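The values are calculated or read from the model by the stated rules, or taken from the named source; none is laboratory data. Predicted model only: the values in this text are computed from it and were never measured. Backbone-built Cβ (ideal geometry, glycine too); neighbour counts: all protein chains shown.
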Amino acid sequence: MLDLFKKLGNLYTILGIEPTDDKKAIKKAYKTQSLLLHPDKNPSPNASMTILRLIFIILDEEFHRLQQAYNVLSDPQQKEQYDKYLKNQKYHEERVQGISKERKKFAEELNRREKEEEMRREEEQKKQASKEEKRREEVEISYSNFDKF
């Protein structure tokens with residue numbers, strides 16, 4: 001059954017209805033769509049034979065998808081299974097998106113910390129260089145004072 005659900009896509013969209021619609025609305029949508037898609041009910045007289053065949057093939061495939069959607073959604077047990085399937089798909093997508101958001105947030109935090117550490121090290125190196133420069137100056141002053149004596 002799951003293979004059929006994956007193959008067909010969103011059955012509510014195929015029928016043009018909402019998940020909350022009742023059985024009567026499902027049947028009405030099916031009848032309306034089937035009249036539009038059924039190859040025998042909707043031939044195109046102005047098309048050439050090749051294009052007409054392609055149109056019939058596409059209409060036929062869409063009609064079969066429509067029939068399968070109706071069969072699933074008109075049976076309460078299959079409809080319940082399909083709704084669970086959709087709910088699980090939505091949960092999985094949200095979970096993947098949530099993980100992606102968490103990863104992005106983690107990466108941003110890691111980058112921020114690395115930049116802070118790099119700045120801290122640079123500051124520490126500047127302080128060290130400044131201390132060494134002061135020591136050199138002190139030593140030079142000491143030598144210059146020593147030379148005076």
For residue 134, all conditions in the list (1) modelled with pLDDT of 85 or more; (2) under 33 Å from the mean Cα position of the chain (by Cα) hold save one; what is the number of the exception?
(2)
Considering segment 79-118, residues that are aromatic (Phe, Trp, Tyr) and under 20 Å from the mean Cα position of the chain (by Cα), and then whichever is surrounded by the most Cβ atoms within 10 Å (Cβ to Cβ), we arrive at 85
